[in-house]
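K.L.:
Supplied in structure tokens, the structure appears directly below.
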Amino acid sequence: GAMVWMRNIGTAPGMSGAGCGDILPIGIISTPVIDPQTRTIYVAGAIGTTGANGKITGHEVHALSADDGTERPGWPVEVTGMTSGNATFAPTPQNQRSALSLVNGILYVAYGGHNGDCGNYRGWIIAINVADPTKRGAWATGGTRGEGIWAAGGMASDGNGIIAVTGNNLTRTMTHADSEELVRLTGLATVDRTSNANIFYPMSWMNMDTMDADFGASSPVYLAQPSPMVAAVSKDGILYLVDAHNFGGINAQLAMLTVATGGPMIIHTTPAAYATAQGMHVVLTVNGGAKCTGTGANGKAVISVLIPSGTPVAPTAAWCIPVNNASLGFPASPMATTTDGTSNAIVWFMNGTKLIGVDGDTGATVFGGGVAADTCSGVHKWTAPIAVKGRIVVAGDNHLCSWSPH
């Protein structure tokens, strides 16, 4: 539990400067990614001026030694001013919330906007060759405002680039412009548009734009079983399963399942996935209106969706666990552990201040839930536990909580 080192990457802006936002001050608010081979931590953050009139003046990406926090040569990379087509990255309205990804030597950093949707932000993905950070690329969504990529859990990958989800278009275009989209980018943030293999969006994309029921609020997850798929959930409670080898364009999902009802703001989550003898499970949280039994009065729940083998693809809600995270606004996201990839699956999540572990197949409690259960204060929305070296670790305000069976 002792601090090994600490690194300040710059001045955290006191405000966004764009006219909205509820994270004050703004600094590093995304999850970094670590390259274990080079022992490097890649981290992105907003840089700017402090105080009540402070604002974001730039966005930087840093490469720090995991051993002592020193900056690697050639870093940081300044994102401000990078271009994609006719778009130029303007720092103030952009917000870097989504977790970073490192795939095949390329670092991917995604951007959206601030809470309140102020300014002319859009979805951006910046790609940096970590071996030579002078080699960079950028992709921006096709609209003029909106389509943010801000889901806290970041992007998914099957080893071939990254898979991102975009949010709603705020100018309400009549022609699809990368909103409500599942999109694959490879190399230095390029999208192959010669076919629909790398793009998916629902038939209802225009209504999703209007209702603020976007994909961009929750992270996608890659599933290796029962066949390669990508799972993505919209803010209005629909889980989509898409062929990972061919997204298929508009309305080409393999299957869809309503996991919650009650409005356009019913899900903000980071799903997890795990395999058991029953099939593949996608586990996620819903803010209310859970479409499964035993969820309690508020409808907030952790839901495990089972995808058994066989065709057609037929997802079902396997189990539901009610949660009472009223103080968080949204339930904290779950994660899963197994002992060998498929055995002894346990789903872990924070229910208020308590760590809970449940059987991955049945939802039966295996840890926590009683009055004597260990607690961790100050856990915020979307904060999932992690498993490391036989421990379960959860982040709260100014502290970490750690559990071990030993």
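The values are calculated or read from the model by the stated rules, or taken from the named source; none is laboratory data. Everything quoted here is computed from the prediction, not taken from an experiment. Cβ: placed from backbone, ideal geometry, glycine included. Neighbour counts: every protein chain shown. Side chains included, ligands, DNA and RNA excluded: accessible areas come from the protein's heavy atoms. Shrake-Rupley method; radii C 1.70, N 1.55, O 1.52, S 1.80 Å.
K.L.:
Roughly what would the spin-label model give for A224 and T134, points 7 Å off Cα along C-beta, in nm?
P.N.:
Using points 7 Å along Cα→Cβ, the separation is 3.9 nm.
K.L.:
In addition: Reachable lysines from K389, Cα under 24 Å, same-chain residues fewer than 8 places away excluded?
P.N.:
Straight-line reach from K389, under 24 Å: K354.
K.L.:
Also, I was wondering about something else. Please give me, ordered by residue number, the trypsin sites (Lys or Arg not before Pro) of the range 343-392 that lie in loop per DSSP and have at most 15 other Cβ atoms within 10 Å. Could the numbers behind the result be given before it?
P.N.:
On the way: sites: K354, K381, K389, R391; in loops: K381, K389.
Here the sparse-neighbourhood loop sites are K389.
K.L.:
How far apart, in nm, are the 7 Å Cα→Cβ label points at D340 and D374?
P.N.:
2.7
K.L.:
Next up: Could you work out, for the range 126-225, what percent of all Cα-Cα pairs fall into each 10 Å distance bin, beginning at 0 Å and stopping at the bin that holds the largest distance?
P.N.:
Cα pair-distance distribution for the range 126-225, in percent: 16, 46, 31, 7, 0.
K.L.:
In nanometres, what is the gap between the two model label sites at N160 and T194, each 7 Å from Cα along Cα-to-Cβ?
P.N.:
Distance between the two pseudo-spin positions: 1.3 nm.
K.L.:
For the chain, what is the convex hull volume of the alpha-carbon atoms per residue, in Å³? Before the final figure, lay out each step's value.
P.N.:
Values: hull volume 57.4 nm³, N = 406.
Given the Cα convex hull of the chain, per-residue volume reads 141 Å³.
K.L.:
Which value at 222 nm does the chain reach when only helices count, each DSSP H run of 4 or more adding -39,500 (n - 2.57), with the total divided by all residues and rounded to the nearest 500 deg cm²/dmol? Show your work: numbers first, answer last.
P.N.:
Numbers: 1 runs with 7 residues, N = 406.
Here the helix-only value at 222 nm equals -500 deg cm²/dmol.
K.L.:
Follow-up question, since we're still on this one. Which ³J(HN,Hα) values in Hz, rounded to whole numbers, follow from the phi angles of the range 229-244 under the Karplus curve 6.51 cos²θ - 1.76 cosθ + 1.60, where θ = phi - 60° and Gly and Pro get x?
P.N.:
9, 10, 9, 9, 10, 8, 5, 9, x, 10, 9, 10, 10, 10, 4, 5
K.L.:
Another question, if that's okay. Once amide H atoms are placed 1.01 Å from N in the peptide plane, what residues at a sequence separation of 5 or more from A138, or on another chain, have their amide H within under 5 Å of its amide H?
P.N.:
A127
K.L.:
Another question, if that's okay. Can you tell me which lysines have their Cα less than 16 Å from the Cα of K291? Leave out same-chain residues fewer than eight positions away.
P.N.:
K235, K300
K.L.:
Could you state the number of Å between the C-alpha centres of the range 215-242 and the range 64-95?
P.N.:
29
K.L.:
Continuing with the same structure: Pull out the extension gain between T171 and D22, defined as 0.36 nm times the separation in residues minus the alpha carbon to alpha carbon distance; nm, one decimal.
P.N.:
Numbers: separation 149, 0.36 × 149 = 53.64 nm, distance 2.27 nm.
Taking 0.36 nm per residue and subtracting the Cα distance, the gain is 51.4 nm.
K.L.:
Using a Förster radius of 45 Å, what is the FRET efficiency between Q37 and N324 based on their Cβ-Cβ separation? Nearest 0.05, please. Display every interim value, and only then the final one.
P.N.:
On the way: r = 42 Å, r/R0 = 0.94.
My answer for the efficiency is 0.60.
K.L.:
Let me ask something else. So how much slack lies between E71 and S309, counting 0.36 nm per residue of separation and subtracting their Cα-Cα distance, in nm? Working shown, then result.
P.N.:
On the way: separation 238, 0.36 × 238 = 85.68 nm, distance 4.73 nm.
Separation in residues times 0.36 nm, less the Cα-Cα distance, equals 80.9 nm.
K.L.:
From the backbone phi of the range 210-219, what are the Karplus-calculated ³J(HN,Hα) couplings (6.51 cos²θ - 1.76 cosθ + 1.60, θ = phi - 60°) in whole Hz, Gly and Pro given as x?
P.N.:
5, 8, 6, 9, 7, 5, x, 7, 9, 7
K.L.:
Hey, can you grab everything whose amide H is under 5 Å from the amide H of N95? Only 5+ residues off in sequence or another chain; H modelled, so Pro and N-termini drop out.
P.N.:
Those lying under 5 Å, H to H, from N95 are G112, G113.
K.L.:
Under a GNM of the chain (C-alpha, springs under 10 Å), which listed residue has the highest mean-square fluctuation: I238, I266, I392?
P.N.:
Maximum among the listed residues: I392.
K.L.:
Multiplying the sequence separation of N298 and T261 by 0.36 nm and subtracting their Cα-Cα distance, what value in nm do you get? Don't skip to the end; give the middle numbers.
P.N.:
Details: separation 37, 0.36 × 37 = 13.32 nm, distance 1.24 nm.
Extra length from N298 to T261 when fully extended: 12.1 nm.
K.L.:
Using the Karplus curve 6.51 cos²θ - 1.76 cosθ + 1.60 with θ = phi - 60°, what ³J(HN,Hα) values do you get for each residue of the range 350-362, in whole Hz, with x for Gly and Pro?
P.N.:
My calculation for the range 350-362 gives 9, 10, x, 9, 9, 7, 10, x, 10, 4, x, 8, 10 Hz in order.
K.L.:
Can you give me the % of accessible surface on the chain that is carbon or sulfur? Probe 1.4 Å, all protein chains present, nothing else counted. It would help to have the intermediate numbers written out before the result.
P.N.:
On the way: 8760 of 16650 Å².
Solvent-exposed carbon and sulfur of the chain make up 53 percent of the total.
K.L.:
If you place +1 on the Cβ of every Lys and Arg and -1 on the Cβ of every Asp and Glu, how big does the dipole about the Cα centre of the range 157-201 come out, in debye to the nearest 20?
P.N.:
Values: 3 positive and 5 negative charges, 19 e Å.
Dipole about the Cα centre, nearest 20: 100 debye.
K.L.:
Let me ask you something else. Please list the non-local residues whose amide H lies under 5 Å from the amide H of G248, H modeled 1.01 Å from N, same-chain partners needing a gap of 5 or more.
P.N.:
Those qualifying (amide H under 5 Å, at least 5 residues apart or on another chain) are A197, N198, I199.
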